[in-house]
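Everything on this sheet refers to the single structure shown next.
Nothing in this text is a laboratory measurement; each read-out follows from the coordinates by a stated rule. Just so it is clear, the model here is predicted, and its values are computed rather than measured. FYI the Cβ positions are ideal-geometry reconstructions off the backbone, even for glycines, and counts take in every protein chain you see.
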């Protein structure tokens, strides 16, 4: 299948890139990791104004979607700029609530679409943690056929990325929807969260590769740029190939999601494992190519290095995704 983004989709990506470049996300990341969510929420509002969060919300609730291709375009850019916050979780919550329906959907979906609500999510089968629950306006949990609004963020847990804070939501909470529709919506939301995370991982890997190429062009050894060494060229080429192989899988999964086909879950899993592994490989290449300076927290690159592995494992570890692909 030949798939190319159209002019409007490419312009959408360029506009997000320009916005996020001007926003200076490294400073936003540092504030978010320190518990100051103000700059991150302000950035979240600008992304909402650009229509990012409306992409997962149906038009009946004030959204534009669901539009998985455009969502992939947006999340790749958000991954390239390491935007903090529960991006994949908020988008997946839009899918979950629209599938569950009822008063909770009517209350929360317009707020998600407009950027007025940051939402985290912890459905059964995806681990015990909710991302950035302390910064979220709501944390939804799913157990069986019950959708609950968690009473609080719960206890924090250590994370490899200080700007991706993990919390174990407090048990119980108000039941906001119930029935078979909740169980089905939770499965679909899990696929969308995995899909969005794959796009974030691809964008993260792209930025790591871009920064590394720029660095090896100006770092010298024996009087020449280290980027001229054959071993470095091969490593960078392998990294580029990994990212480029992941891209068509991501957009192929977007087409499957848009069509609602039976194979959408397996397509998402294939995209997730490929993009996640490619992003993590880009992080290893970046760290080794930068040498000792790559370990320093003062270097902005450190935020992308720390993010690559959590994105690889979130919403479907490589082994779980491979198993789902094999199962069809």
task: Report the FRET efficiency, 1/(1 + (r/R0)^6), for residue 143 and residue 8, where r is their Cβ-Cβ distance and R0 is 30 Å, rounded to 0.05.
output: 0.15
query: Taking neighbour counts of Cβ atoms within 10 Å as a proxy for exposure, in what order, fewest first, do 216, 28 appear?
result: 216, 28
message: At a 10 Å Cβ-Cβ cut-off, how would you order 10, 164, 80, 30, fewest neighbours first?
response: 10, 30, 164, 80
query: Principal axis lengths of segment 184-327 from Cα atoms, whole Å, largest first?
result: 60, 28, 23
Computed Rg/Rh of segment 148-216, alpha carbon atoms with Kirkwood Rh: 1.15
- prompt: How high is the relative contact order of the chain, given as a whole-number percent (alpha carbon pairs under 8 Å, six or more residues apart)?
  reply: 17 percent
- request: Mind jotting down the distance between the C-alpha centroids of segment 98-144 and segment 216-248, whole Å?
  value: 41 Å
Simple label model, 7 Å out from Cα along Cβ direction - residue 221 to residue 27, nm: 3.5 nm
statement: Taking the chain and counting helices only, DSSP H stretches of n ≥ 4 at -39,500 (n - 2.57) each over all residues, the nearest-500 ellipticity at 222 nm comes to -20000 deg cm²/dmol
task: Calculate how many DSSP beta bridges within the chain are antiparallel, expressed in % of all such bridges and rounded to the nearest 5.
output: 70 percent
field: In range of the label at residue 284: residues from segment 212-232 whose backbone nitrogen is under 20 Å from the point 7 Å along Cα→Cβ
entry: 212-213, 216, 230-232
- request: Report the FRET efficiency, 1/(1 + (r/R0)^6), for residue 241 and residue 187, where r is their Cβ-Cβ distance and R0 is 35 Å, rounded to 0.05.
  value: 0.60
- request: Provide 204, 75 in ascending order of the number of other Cβ atoms located within 10 Å of each residue's Cβ, fewest first.
  value: 75, 204
task: Give me the Debye-computed log₁₀ of I(q)/I(0) at q = 0.09, 0.10, 0.11, 0.15 Å⁻¹ for the chain, equal point scatterers on Cα only, no solvent, two decimals.
output: -0.44, -0.54, -0.65, -1.22
statement: Rounded to one decimal in nm, the spacing of the 7 Å Cα→Cβ label points at residue 17 and residue 299 is 2.4 nm
- request: Apply 1/(1 + (r/R0)^6) to the Cβ-Cβ distance of residue 178 and residue 231, taking R0 = 41 Å, and write down the FRET efficiency to the nearest 0.05.
  value: 0.10
task: State, as an integer percentage, the relative contact order of segment 184-327 based on alpha-carbon contacts under 8 Å between residues 6 or more apart.
output: 35 percent
